[in-house]
Amino acid sequence: MLFIQSRNTFEGEFDLPGDKSITHRAIMFNGGAEGEAVITNALMGEDCVSTCRCMRALGAQIDIDGTTLRVQGTPNFRRGMRLDCGNSGTTIRLLTGFAAGKGIDVTLVGDASLSSRPMNRVAQPLSLLGANIRTTDGRAPVEIAPSVLHGADIALQIASAQVKSAILLAGISASGKTSVTEPVKSRDHTERLLAAMGANVCVEGNKVSVSKSELSCVDVRVPSDISSAAYFMALGALKGKTLCKNVGINPTRTGILTAFDKLGVKYSLLNKRVSGGEETADILVERSLMRGITLTAEEVPSMIDELPLVALLCAYADGESRITGAKELRVKESDRIRTTAELIQNLGGDCEELEDGFVIRGKKKLVGGNVDSYLDHRIAMTAAVGLIASENGGYILRPDCCAISFPDFFEKLGVRA
């Protein structure tokens with residue numbers, strides 16, 4: 001249990017952890033490629049450590065020095081391994097496609113939370129390529145047996161970067177062409193990195209195609225994660241002025257800025273540049289008077305990780321907000337529709353839970369209170385923002401889960417245990 005004191009102002013400049021999504025991919029893709037790569041500004045939270053552990057178990061050599069990793073790819077993978085993916089959905093879903101593509105027989109397991117999350121959404125499309133995958137009642141443990149893969153055209157009903165990535169990873173080892181079409185374009189870090197490593201990748205709107213390719217290791221400087229920066233950006237909007245430095249602004253990840261535009265948040269993108277194929281900028285956010293907004297299914301995928309935080313900002317806004325098309329939140333580390341609604345209500349806000357989202361009636365200020373993280377890092381970090389901005393502050397129960405994606409989150413906030 002951790003007490004979060006309310007504050008009248010919150011200001012500062014912040015260097016933030018590397019992007020978790022890009023770190024996962026840089027480790028896994030280089031671990032299975034030819035050569036050696038150096039990854040800098042990697043996020044070494046528990047989820048990415050799970051990816052390191054699994055790739056090492058398969059035979060990749062990974063040396064870690066703080067946030068710098070040196071990865072030696074392996075052409076010869078160990079087989080018959082039982083790989084522990086911890087709490088990481090990205091690890092288990094991407095590894096399913098990776099292992100199927102490499103023809104590795106493995107069993108993928110995870111903790112209790114991960115073992116409750118759906119895996120058929122990955123296994124079923126991969127089976128269309130000929131993959132031999134068996135889940136446990138649609139969940140982990142997942143058993144993958146070697147098979148001969150062939151290309152296929154796959155249309156996803158729900159936009160998911162994890163599912164798309166698993167299919168593309170298998171597709172680069174399949175005969176013929178493999179394509180994935182999404183109803184809405186999800187984050188595209190996989191396409192960008194595969195192309196940089198020499199894969200045959202073609203992007204046409206919401207459709208991505210790959211053909212059989214050999215990958216070569218490539219150095220990656222990981223930009224700061226906009227989904228981590230978002231909490232400090234939100235505090236700038238609520239309580240003062242914040243500058244978040246070297247933040248990735250990949251267009252498939254900047255949904256939080258779309259939400260800011262609708263809410264009326266004042267922000268500026270400074271010092272724009274490109275690093276390793278990924279756009280970055282420094283983001284300045286200033287105290288803002290916010291208004292109620294509407295978000296629909298078309299806008300949700302690019303801000304899926306930040307939606308609990310967006311809902312919180314709506315609770316501090318003036319007027320009613322409606323967020324729909326976000327049913328994917330039900331199958332995250334917690335049921336984030338339920339836990340976000342409970343969080344806002346516990347802080348004194350008005351949030352109605354919908355099947356696929358929320359109705360939030362903004363009050364412009366919240367009293368504070370006690371919030372359970374439900375061992376979900378996004379809920380814990382959103383709660384911290386809400387409590388700092390509240391009138392009285394309050395306790396977060398089980399806050400240690402933040403280590404999954406942001407090990408020194410509370411330290412950067414200036415919160416002491």
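Below, the figures for the structure above:
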| item | result |
| --- | --- |
| Equivalent ellipsoid semi-axes, segment 20-107, via Cα gyration tensor eigenvalues times 5, rooted, Å | 19, 15, 10 |
| With every protein chain in place, segment 120-245: carbon and sulfur % of accessible area (1.4 Å) | 48 percent |
| 10 Å Cβ shell holding at most 11 others, DSSP loop, trypsin sites (Lys or Arg not before Pro): longest site-free stretch of the chain | 1-363 |
| Neighbour cut-off at most 14 other Cβ (10 Å), DSSP loop, GluC sites (Glu not before Pro), segment 318-417 | 355, 391 |
| Debye log10 I(q)/I(0) for segment 68-134, one point scatterer per Cα, at q = 0.14, 0.18 Å⁻¹ | -0.45, -0.73 |
| Among the listed pairs 20/332; 164/412; 20/364; 20/245; 185/241, those beyond 25 Å (Cα-Cα) | 164/412; 20/364; 185/241 |
| Simple label model, 7 Å out from Cα along Cβ direction - residue 318 to residue 13, nm | 3.3 nm |
| Surface share of carbon and sulfur [accessible, 1.4 angstrom probe, percent] for segment 272-316 | 52 percent |
| Of all DSSP beta bridges in segment 137-261, antiparallel share, percent nearest 5 | 65 percent |
| For the chain, built as a Gaussian network whose Cα springs stay under 10 Å, the top-fluctuating residue of 50, 302, 268 | 268 |
| Nearest-0.05 FRET efficiency for residue 268 and residue 345, computed from C-beta distance (R0 30 Å) | 0.35 |
| Summed residue charge, Cβ within 13 Å of residue 162's Cβ, Lys/Arg positive, Asp/Glu negative | +3 |
| Karplus-derived HN-Hα couplings along segment 4-13 (A = 6.51, B = -1.76, C = 1.60, θ = phi - 60°), whole Hz, x at Gly and Pro | 10, 7, 5, 9, 6, 9, 9, 9, x, 10 |
| Rounded to 5, the percent of DSSP beta bridges in the chain classed as antiparallel | 70 percent |
| Cα point-scatterer Debye curve for the chain, base-10 log of I(q)/I(0) at q = 0.08, 0.09, 0.11 Å⁻¹ | -0.41, -0.52, -0.78 |
| Relative pair counts by distance (%), Cα atoms of segment 141-206, 5 Å bins | 4, 15, 28, 26, 17, 8, 2 |
| Spin-label model distance (nm) - residue 76 vs residue 116, 7 Å beyond Cα toward Cβ | 4.3 nm |
| At R0 = 51 Å, FRET efficiency that the Cβ-Cβ distance of residue 367 and residue 61 yields, to 0.05 | 0.45 |
| Theoretical gain in end-to-end length, residue 46 to residue 155 [0.36 nm per residue, Cα-Cα removed] | 36.0 nm |
| Over segment 80-183: Kirkwood hydrodynamic radius from C-alpha pairwise inverse distances, Å | 13.2 Å |
| Extended-chain gain in nm, criterion 0.36 nm per residue less alpha-carbon gap, residue 391 and residue 5 | 138.0 nm |
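The values are calculated or read from the model by the stated rules, or taken from the named source; none is laboratory data. Everything quoted here is computed from the prediction, not taken from an experiment. Note that each Cβ is placed from the backbone with ideal geometry, even for glycine, and that neighbours are counted across all protein chains shown. Only protein heavy atoms, including side chains, enter the accessible area calculation; ligands, DNA and RNA are left aside. Shrake-Rupley method; radii C 1.70, N 1.55, O 1.52, S 1.80 Å.
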